[in-house]
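Down below is the structure, laid out as structure tokens.
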There are 4 protein chains.
Amino acid sequence: MSQETATLTLHCEDVKGIVYHVSRFIFENGGNIINAQQHAETLDSRFFMRVHFDCSGMGRSRGELRGDLAKLAAEFGMETSLSFSGERKRMAVLVSKYDHCLYDLLLRHQYGEINADIALVIGNHPDLEPVAAGFRVPFFTVPVPPGGKEAAEARMLELLRAHHADFVVLARYMQILTPSFIDHYPHRVINVHHGFLPAFKGAKPYHQAYEHGVKLIGATSHYATADLDMGPIIEQETLRVNHTHSVEELVALGRDIERKVLSLAVRAHADDRIMVYRRRTIVFR
Amino acid sequence: MSQETATLTLHCEDVKGIVYHVSRFIFENGGNIINAQQHAETLDSRFFMRVHFDCSGMGRSRGELRGDLAKLAAEFGMETSLSFSGERKRMAVLVSKYDHCLYDLLLRHQYGEINADIALVIGNHPDLEPVAAGFRVPFFTVPVPPGGKEAAEARMLELLRAHHADFVVLARYMQILTPSFIDHYPHRVINVHHGFLPAFKGAKPYHQAYEHGVKLIGATSHYATADLDMGPIIEQETLRVNHTHSVEELVALGRDIERKVLSLAVRAHADDRIMVYRRRTIVFR
Amino acid sequence: MSQETATLTLHCEDVKGIVYHVSRFIFENGGNIINAQQHAETLDSRFFMRVHFDCSGMGRSRGELRGDLAKLAAEFGMETSLSFSGERKRMAVLVSKYDHCLYDLLLRHQYGEINADIALVIGNHPDLEPVAAGFRVPFFTVPVPPGGKEAAEARMLELLRAHHADFVVLARYMQILTPSFIDHYPHRVINVHHGFLPAFKGAKPYHQAYEHGVKLIGATSHYATADLDMGPIIEQETLRVNHTHSVEELVALGRDIERKVLSLAVRAHADDRIMVYRRRTIVFR
Amino acid sequence: MSQETATLTLHCEDVKGIVYHVSRFIFENGGNIINAQQHAETLDSRFFMRVHFDCSGMGRSRGELRGDLAKLAAEFGMETSLSFSGERKRMAVLVSKYDHCLYDLLLRHQYGEINADIALVIGNHPDLEPVAAGFRVPFFTVPVPPGGKEAAEARMLELLRAHHADFVVLARYMQILTPSFIDHYPHRVINVHHGFLPAFKGAKPYHQAYEHGVKLIGATSHYATADLDMGPIIEQETLRVNHTHSVEELVALGRDIERKVLSLAVRAHADDRIMVYRRRTIVFR
């Protein structure tokens, strides 16, 4: 019988003994901590913790553990989340016509680098259907005609539910999602922006970068929120460029860092390594 | 007898034969090209060139060469600049209380990494006088009391002239220079900004970076212009940070990239490797 | 009518006037230099040059230009090479079972980042046939059974000739090629080694890296020579790792830098940017 | 009254409940965990832990805490180490003539980046005495004449003891220390090697790198052991170079990464972040 592990994340007021109480909870239930990480936001006196533990010998069901945890959480005013390796997350990938981020996700998934399954791919154009098909992943085209965004998002939500998607990855999806759509997946919609946020928000960031004569270009993955390109940042990367690079070459170079920051964010999310507090993320590496 | 070399930089309309005519000019005068670099801004049809050549066997004075070059420049509508290894540039360094950029410049100068001499250091505070003294560089304190900026800048200009400074390096100098001061040294005042421009302009960039929860901090060296923090960018660098870093730690980490981008800019300027065109720099590496 | 460009690379003794004579040759034939780069190996007094020029208005055939160049080369004792944008290079890719480098080459080719065509893919296993098929590239399986290397290489050489391959890319091809095979493509077989050469030569470099407790892993692309893993280095990259990474994770992380250094080498080779001199490469960027 | 913190590091067999027992030990004594990190070497079933905790409210002396810890350690077969913020470490710096690493340590110490005091500097040449003097650090010249190594090391050990040095930093010290000297400070002598170990061991690593035509140069900090340049690696860094760089330029560029990896190692050692196990280091960041 194979090992089952669980991942607990929590945050609460920073009082004495949290590590002790959490480790006692796991120890007394027969679990074994594989890794535990903490962080304190000192300005706010807020304590964050992620514990990855072996729960295969605990002799308690997932439901029982969740119940026990609820009691501990109540005692300390913790916000908690508990996931199990036996309940693998499922992701939906939204795309348009660019394929580099999609290929990166499909390949990394195939290599076993992403701790989640790709439930489906949705494109507002049909162009990338063969790519998904090559990896035997269901693909759906949901066009977004002028004036048809509401209907398109309703159709997408339906597809996400039907395929049991837990989170959504915008892999260079070129449509702006409505706040109402994003509200269905709070801190579970991951976007990649092809610029070094907060510089170069909005459209054509590589053109902006060229005009400013920057010597580094950047890419940023973040949780999408109602405020466009301003959600909590998960990963960023920059790449050296110089005066010889045209806008088109910046776009080409940018592909490498876009796919990199997006897949790092997806992997961290799938592993329950990200906690959001206010505008910032705590990413336990 | 030691070798003398010259560095010619020029830009002009991008017509056929520029490389040929320039290399002929040098060849027929008995010079020998050590390195030549070009760049064409295709949108503007503008051609840029930097030629580093051995002129020790040319049998012509610097003045004669400058005269000959003027004729070539007139023929092709070139803007040119010609410098000689025997006429070493002299830099003035302006500082306040932070010493990390000053130390970096003094040490790199001592190691022979900077192709210029440090003529003097001016501080608006006396704190760094011992640092300059340790390297036997003249130091002058020019305080900038409220309402006294005009007089202070007049005094500084006087010192720069008296010490034959060719260019000015703002090594974390915490005063804003007036456009009138900068006009005395067009594209010859090099500043370091402790943020990844054009993000985080102005005051307290590390605080801004912290608030935004960025995962990289940056530093930027650029030519100072009348428009604060918006002059042509010369060098940029970023450094990975995460949620564990306080603002104070961002400040500490930032020192390493501030000194790095500043000294890279100073070295490139001293070597006549930088050409400014519109808002952008061409930096020939 | 579209523009044709040519790329001339040459090396010779470092005497006065090479840039002048080469630029005159191009100017007087009606060509226009787009970019020219030089390098002098001072220890050997050897001069290297790469000139990329517009030859569409030259009114001379490729053959005539090659003839003219031969005269110039004879005069200065130059070794030269001249290629034309209208004669696009063709590459053969050799693979085994790992697909990450192959995907990277196929995708970058599709994005127009590689200035060459993929003539064919040869695998000693059939596993990657569907990958090549997905990009409509011919795939051939040439197994290498024990004792059958000679026959296999003969078959491969036949395929390379039949598909007019100009150079060969070993995209994690797990067989060692014989010197005799490599001699057919001198400095035209590009290999990727999954270690930071010259450390960790030979088999299982990630295991070696783990055992040594290194804090960076590396990958190296180089021209294959008779001396295994010792041919002239083209590109190298490193990646930060730490004590938490198992050998398996090092292998996974290494994929990103392997594909990166290999595709950088392939692009540089396709653009005639690489010159080999003794054990070292000059790579004009 | 100011806060006192303690840092506990330990390793033992990887059995269930270590985190629980350690956190209980701290909790029941009235301490408060600020940060705890663990690592398991799965091949060896070995568990490593570092706990940084506030002990100001514990009402127990350092000696009592050390006694209590000894009992816990005995129960679980732990090797432990416990240090207190009130017992600041003291470092000795050994130098020859190169000053870049020494300056870096002195400046970072001055900025408060290093959690240790600089007790003294020893040079086998007197050249750097003024540098130490500028920072008001005692400097001693201990020459190492041919045949006089034994006497010199005896004198150095005497100085180290007299100045209560806890660990030794070789800041480009150009003498090879004897195993007997190193045995006095096991895993407490930190060296910087100017190459990417295990490549380029021994003398003139930049010459070796040049000869091999590498495209990256490296620097490595490690604990010195009897086996030259083979002690456990703490930090490594690489820097991109190319064919244009002479050996002298590699040496100059290398200074930046040498000082960087050395000061990172010193800071980690001072913070009790490094544990050595077999040939590898666990560095808790």
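What follows is calculated from the coordinates using simple rules that are stated; it is not laboratory data. No experiment lies behind these values; they were computed from the predicted model shown. Note: ideal-geometry Cβ built from the backbone for every residue, glycine included; neighbour counts use all protein chains shown.
In peptide A:20-26, what is the residue-averaged number of other protein chain Cβ atoms found within 10 Å of each Cβ? Before the final figure, lay out each step's value.
On the way: counts 13, 4, 3, 10, 7, 1, 4.
The per-residue average across the peptide is 6.
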Could you state the angle between the C-alpha long axis of helix A:247-270 and the longest principal axis of the C-alpha atoms of chain A, as a value from 0 to 90 degrees rounded to the nearest 10? 20 degrees
Can you show me the helix-derived [θ] at 222 nm for the protein assembly as shown, built from DSSP H runs with n ≥ 4 at -39,500 (n - 2.57) apiece and divided by the number of residues, rounded to the nearest 500. -10000 deg cm²/dmol
Return a whole-number percent for the relative contact order of chain A, with Cα pairs under 8 Å and 6 or more residues apart as the contact set. 14 percent
Please list the three semi-axes, largest first and in whole Å, of the ellipsoid equivalent to the range A:1-159, using sqrt of 5 times the eigenvalues of its alpha carbon gyration tensor. 39, 20, 15
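Does the range A:84-184 come out rounded, prolate or oblate, given a ≥ b ≥ c as the square roots of the eigenvalues of its C-alpha gyration tensor, rounded meaning a/c under 1.5 and, failing that, prolate meaning a/b above b/c?
Numbers: a/c = 2.04, a/b = 1.32, b/c = 1.54.
It comes out oblate by the Cα gyration axes.
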For the range C:28-66, listing chymotrypsin sites (Phe, Trp or Tyr not before Pro) in a DSSP loop whose Cβ sees at most 13 other Cβ atoms within 10 Å gives none
What's the average, rounded to a whole number, of partner chain beta-carbon atoms within 10 Å of each residue's beta-carbon in D:210-223? 5
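Determine the relative contact order of the range B:86-140: mean sequence separation of Cα pairs under 8 Å and six or more apart, normalised by residue count, in whole percent. If you can, show how the numbers build up before the last one.
On the way: 77 pairs, mean separation 22.1, N = 55.
Contact order relative to length: 40 percent.
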Can you list the distances in nanometres, one decimal and ascending, from the B:G30 label point to the identical position in each other copy, with the point 7 Å along Cα to Cβ? 3.8, 8.9, 9.6
What would the Debye formula give as log10 I(q)/I(0) at q = 0.12, 0.13, 0.14 Å⁻¹ for the alpha-carbon point model of the range B:89-283, no solvent? -0.56, -0.66, -0.77
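Going by a ≥ b ≥ c, the root eigenvalues of the Cα gyration tensor, does the range C:133-219 fall in the rounded group (a/c under 1.5), the prolate group (a/b larger than b/c) or the oblate group? Write down the numbers at each step before the final one.
Working: a/c = 2.16, a/b = 1.92, b/c = 1.13.
Because a/c hits 1.5 or more and a/b exceeds b/c, the range C:133-219 counts as prolate.
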Crossing angle, helix C:149-162 versus chain C [Cα axis fit, 0-90 degrees, rounded to tens]: 40 degrees
Inter-probe distance in nm under a simple model that places probes 7 Å from Cα toward Cβ, at B:K204 and A:E64: 5.3 nm
Using a Gaussian network for chain C with springs between C-alpha atoms less than 10 Å apart, which of these wobbles most: C:I233, C:I176, C:I122? C:I176
Amide N of the range A:207-236 lying under 16 Å from the label point, which is placed 7 angstrom from the Cα of B:E211 along Cα→Cβ: A:230-233
If you rotate chain C onto chain A, the residue of C with its Cβ nearest that axis, and the gap in whole angstrom, comes out as C:G134, 3
Label geometry 7 Å along the beta-carbon vector: B:P138 inter-copy distances in nm: 4.0, 7.7, 8.0
So who's got an amide H within less than 5 Å of the one on A:Q175, skipping anything under 5 residues away but keeping other chains? H placed 1.01 Å off N, in plane. none
Could you check the spin-label model distance between A:V247 and A:L157? Points 7 Å from the Cα along Cα→Cβ, value in nm. 3.7 nm
Whose amide H sits under 5 Å from the amide H of B:T5, counting only residues 5 or more places off or on another chain, with H placed in the peptide plane? B:C55, B:S85, B:G86
Non-local residues with an amide H under 5 Å from the amide H of B:I34, with H modelled 1.01 Å from N and Pro and chain starts lacking one, are B:H52, B:F53, B:D54
Using a Gaussian network for chain A with springs between C-alpha atoms less than 10 Å apart, which of these wobbles most: A:A209, A:A119, A:A199? A:A199
With a Förster distance of 30 angstrom and the Cβ-Cβ distance between C:E4 and C:D44, calculated FRET efficiency to the nearest 0.05 equals 0.30
To the nearest whole percent, what portion of all C-alpha pairs in the range C:190-264 is separated by more than 16 angstrom? 42 percent
Relative contact order of the range A:181-285, defined on C-alpha pairs under 8 angstrom at six or more residues apart (%): 27 percent
When chain B is treated as a GNM, springs tying every alpha-carbon pair under 10 Å, which of B:K89, B:K215, B:K16 comes out with the largest mean-square fluctuation? B:K16
at B:R46 the sorted inter-copy label distances (label 7 Å from Cα on Cβ side), in nanometres, are 3.9, 4.7, 6.1
Other chains near C:228-235: what is the mean number of their Cβ atoms within 10 Å of each residue's Cβ? 2
Using only Cα atoms and rounding to the nearest 10 degrees, what angle (0 to 90) does helix A:18-28 make with the longest principal axis of chain A? 70 degrees
All-pairs alpha carbon distance profile, the protein assembly as shown, 10 Å steps from 0, percent: 2, 9, 16, 21, 22, 17, 9, 3, 1, 0
Let me know the number of lysine pairs in chain C closer than 23 Å at the Cα, not counting same-chain pairs under 8 apart. 13
Can you run phi through the Karplus equation (6.51, -1.76, 1.60; θ = phi - 60°) for the range C:100-116 and list ³J(HN,Hα) in whole Hz, with x for Gly and Pro? 5, 6, 4, 4, 4, 5, 5, 5, 5, 4, 5, 6, x, 7, 10, 7, 7
Could you calculate, for the range B:5-84, the ratio of the Cα radius of gyration to the Kirkwood radius, expressed as Rg to Rh? 0.95
